[in-house]
């Protein structure tokens, strides 16, 4: 499939309908996704398959996913969009 079409689908799928999530995922997708490793791109697509409430809690730092790949991509999103309240533990 055409890479541009696939990327546009990913951008659309990154729109969650919850503004608090959209302001983090949309800029990340548009500005950072293409530079991710293949493994991180896969993890990001898996993140988008998760429930909005879980994504919200992870992106705000209330908790992290148990899955290490998902936890890693959540941290990448938080760092990329300037969330400076990342816990160090």
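Would any residue of region 62-79 have its amide N under 14 Å from a label point 7 Å out along Cα→Cβ of residue 40? List them or say none.
Answer for region 62-79: 69-79.
Can you tell me the order of 5-18, 49-62, 24-37 when each peptide is scored by its average per-residue count of other Cβ atoms within 10 angstrom, highest first?
In descending order of packing, they fall as 24-37, 49-62, 5-18.
Given a cut-off of under 8 Å on Cα pairs at least six residues apart, what relative contact order in percent is computed for the chain?
Averaging sequence separation for qualifying contacts and normalising by length gives 27 percent for the chain.
Can you match Cα extents along the principal axes in Å to one of these, (1) 34, 24, 22; (2) 67, 31, 26; (3) 41, 26, 22, based on a calculation from the structure here?
(3)
A short reminder: the numbers here are calculations on the coordinates, not readings from a lab. Worth saying up front: this structure is predicted, and the values here are computed from it rather than measured. Positions of Cβ are backbone-derived with ideal geometry, glycine not excepted, and every protein chain shown enters the neighbour counts.
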